[in-house]
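Read through the structure below, which is laid out as structure tokens, and then see the notes.
The values are calculated or read from the model by the stated rules, or taken from the named source; none is laboratory data. As the structure is a computational prediction, the values presented were derived from the model and not from experiment. Positions of Cβ are generated from backbone atoms using ideal geometry, with glycine treated the same way; all protein chains shown enter the neighbour counts.
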Amino acid sequence: MSEEETSQDQEVADEWAAALEEQADDDGALEEATPEEDPWAAALEEQADSEQQVDAAPITQLDDDAAAAVPRSNNDLDLDMILNIPVTMSMEIGRTKININNLLKLSQGSVVELDRLAGEPMDVLVNDTLIAHGEVVVVNDKFGIRLTDVISAEERIKKLR
């Protein structure tokens, strides 16, 4: 990192520190506002009330074999009703943290360094939960991912708890 970038980073850090200090000085005045006077306070209070009313669904143990998905008796749960629920699947090749100043300087052709090495497997996420690792492939001019390691159902459930 050059001296110029280091000094710019220090200037940004100083500006943030001053802003946070100023905000801390102003917090005393904000705490006195009532929800009737402050719509943000009312919205946050309403959100907190709704979050307290939600009960977590119980997590049951899932079997790893395919036979467990087939109901064995009338008492077993029928999983057919959840098979059409849409989920978001994403592939992550890496992450990084940069300050806002450098973010605003990004333009076409800019290179952002990630926390992964070239050739390292990608993470496959479903609803932001890691389910597998894989590698990028190209099939008929379209990108895809070949799964190289699938996280067991038992491991995924442990991460949910």
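Conditions tested, residue by residue: (1) over 30 Å from Ser152 (Cα atoms); (2) at pLDDT 65 or above.
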{"position": "Asp14", "(1), (2)": "yes, yes"}
{"position": "Glu51", "(1), (2)": "yes, no"}
{"position": "Val54", "(1), (2)": "no, no"}
{"position": "Gln61", "(1), (2)": "no, yes"}
{"position": "Ala69", "(1), (2)": "no, no"}
{"position": "Asn84", "(1), (2)": "no, yes"}
{"position": "Thr88", "(1), (2)": "no, yes"}
{"position": "Ser110", "(1), (2)": "yes, yes"}
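Every residue, every condition in (1) surrounded by 11 or more Cβ atoms within 10 Å (Cβ to Cβ); (2) at negative phi; (3) in contact (Cβ under 8 Å) with a residue 12 or more places away in the chain; (4) in contact with a Lys or Arg (Cβ under 6 Å, 6 or more places away or on another chain), yes or no:
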site: Gly109; (1), (2), (3), (4): no, no, no, no
site: Glu135; (1), (2), (3), (4): yes, yes, yes, yes
site: Gly144; (1), (2), (3), (4): yes, yes, no, no
site: Ile151; (1), (2), (3), (4): yes, yes, yes, no
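Picking from residues in segment 113-161 that are in a strand (DSSP E or B) and among the hydroxyl-bearing types (Ser, Thr, Tyr), the one that is nearest to the chain's Cα centre (by Cα) is Thr129.
Note on segment 115-133: among residues that are among the hydrophobic types (A, V, I, L, M, F, W, C) and loosely packed, with under 13 Cβ neighbours inside 10 Å, the one that is farthest from Glu15 (Cα to Cα) is Ala118.
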